[in-house]
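Reading through the structure tokens given below for one structure.
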Amino acid sequence: QVQLVESGGGLVRPGGSLRLSCVASGFDFNRYRMSWYRQAPGKERELVASIMSAERSTNIIDAGKGRFTISRNNPKNTVYLQMNSLKPEDTAVYYCNAQYGLDFWGQGNPVTVSS
């Protein structure tokens, strides 16, 4: 059974940091591109960051460059999203995604940036 279990979200003040984690099971994690998406209220879901498998190349949304870092630990089947200098506009539900032909999604992890 495929599972993507996210954690690490919550309420943080502007300028603060959060690290999201996503633990995967039920598929060959090493083969999959891992990504984080987010969906803010009233907006479409958007790609925030992605990381390839073997070569570890990454892609970050322009709004997150210099603030967000995506990384993965293949032996632990885990992908992370480190978010620094958070802004109110980063408020959204963040989703973990695995893609290799098939698409798998986590349940969503709310992040609220507010004073």
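The values are calculated or read from the model by the stated rules, or taken from the named source; none is laboratory data. Every value quoted in this text rests on a predicted model; they were computed, and no experiment measured them. A quick note on method: Cβ atoms are made from the backbone with ideal geometry, for glycine too, and the neighbour counts reach across all protein chains shown. With ligands, DNA and RNA removed, areas are computed over all heavy atoms of the protein, side chains included. Shrake-Rupley method; radii C 1.70, N 1.55, O 1.52, S 1.80 Å.
The C-alpha radius of gyration of the range 61-115, expressed as a fraction of 2.2 N^0.38 Å, stands at 1.27. For the range 13-115, a crude dipole built from +1 on the beta carbon of Lys and Arg and -1 on the beta carbon of Asp and Glu, taken about the Cα centre, is about 260 debye to the nearest 20.
Result for the chain in a Gaussian network model with C-alpha springs under 10 Å: among L102, L18, L86, the largest mean-square fluctuation is at L102.
Computed over the range 9-55, the range of Cα coordinates on each principal axis works out to 36, 23, 22 Å, biggest value leading.
In the range 14-55, carbon and sulfur make up what percent of the accessible area (probe 1.4 Å)? Before the final figure, lay out each step's value.
Details: 970 of 2140 Å².
Roughly 45 percent, rounded to a whole number.
3J(HN,Hα) couplings calculated from phi for the range 31-43 with the Karplus curve 6.51 cos²θ - 1.76 cosθ + 1.60 (θ = phi - 60°) are, in sequence order, 7, 8, 6, 10, 9, 10, 10, 9, 9, 8, x, x, 10 Hz; Gly and Pro show x. Counted over the chain with a bin width of 10 Å, the fraction of Cα pairs per bin, in whole percents, is 15, 50, 29, 6, 0.
Enter the accessible area per residue of the chain (Å², integer; probe 1.4 Å; all protein chains in place). It would help to have the intermediate numbers written out before the result.
Values: 6090 Å² over 115 residues.
Result: 53 Å² per residue.
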